[in-house]
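The values are calculated or read from the model by the stated rules, or taken from the named source; none is laboratory data. In this text the structure is predicted, and so the values were computed from the model without any measurement. Note: ideal-geometry Cβ built from the backbone for every residue, glycine included; neighbour counts use all protein chains shown.
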Amino acid sequence: MTAAPTTGKPTTGKPTRIAGLGFRARAPLASLRAALDAAGGPAGLAALATASAKAEAPVLHALAAELGLPIRAIAAPDLAAQPTLTRSARVEALHGAGSLAEAAALAALGPGARLLGPRAAAPDGMATAAIAEAPTIGAVPGSPRDLDAKAPRSGLKVPHQVRDSGDGALRPGIEVSGRARDGASESAHPAPDHVRDGGAPAATDVPRTIP
């Protein structure tokens, strides 16, 4: 019997999904969970993503530890380059993007990423989340760099392994976008005392709008 001809096109598996998160400085873990659940839930996620200025937040590390996921920190220029579905003038003034959650999810995956829908908010308005997917994990300019995550003072253990150099698979830890790597990214240096101690950032760092 003659074998049927093949098309020669490679088969593709499930797309990679990353959740972008935006949250206020005093947001509790329950708010981040609620926002993520409203956006579609954590099932099948490869990583969490947010602005590099928020990547050291203990509440985000607590969620990452709970889910066993790495955190991808995105530099402000990469956030600003993303075409978000949600447009908030006040959030854009703070982060350079219409939605921090949407922009972080898109930038974390790179070219070819698409949003599953607009960002969803927690009932208390303290956090937002959006999920993006792409056929394969892309890289923001310069390829992200993995850093060890710092355990929050609450005692929760945060995954700290870095990416495997051989297979390129995501491993728990913090990943920094290329522009954040080349510049003075907050996540690429020790967190300020008020962040390491679980306190609130300075008033100039506290968004007054929902991300």
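From the list L60, L45, L100, the one residue that fits, being of a type in the set (A, V, I, L, M, F, W, C), farther than 19 Å from K14 by Cβ and touching a residue at least 40 places away in the same chain (Cβ under 8 Å), is L100. The residues of the stretch 25-41 that are of a type in the set (G, A, S) and either surrounded by fewer than 18 Cβ atoms within 10 Å (Cβ to Cβ) or farther than 21 Å from L94 by Cα (or both), listed by number, are A30, A34, A38, A39, G40, G41. Inclusion of T84 among residues that are of a type outside the set (F, W, Y) and either touching a residue at least 40 places away in the same chain (Cβ under 8 Å) or closer than 15 Å to L29 by Cα (or both) is not warranted. Each residue in the stretch 32-64 was checked for being under 12 Å from the mean Cα position of the chain (by Cα) and closer than 10 Å to A19 by Cα, and 7 of them qualify. When the stretch 102-135 is filtered for residues that are small (G, A, S) and in contact with a Phe, Trp or Tyr (Cβ under 8 Å, 6 or more places away or on another chain), only A127 remains. The number of residues in the stretch 19-41 being touching a Pro at 6+ places or on another chain (Cβ under 9 Å) and assigned to a loop (DSSP other than H, G, I, E, B) comes to 2. Applying the criterion of being among the β-branched types (V, I, T) and within 15 Å of A120 (Cβ to Cβ) to the residues of the stretch 51-86, the residue that is surrounded by the fewest Cβ atoms within 10 Å (Cβ to Cβ) is T86. If you filter the stretch 87-114 down to residues that are surrounded by fewer than 24 Cβ atoms within 10 Å (Cβ to Cβ), in contact with a helix residue (DSSP H, G or I) (Cβ under 9 Å, 6 or more places away or on another chain) and under 20 Å from G40 (Cβ atoms), you find that the one that is modelled with the lowest pLDDT is G98. The lone criterion from (1) closer than 17 Å to L32 by Cα; (2) surrounded by fewer than 20 Cβ atoms within 10 Å (Cβ to Cβ); (3) not acidic (D, E) left unmet by A129 is number (2).
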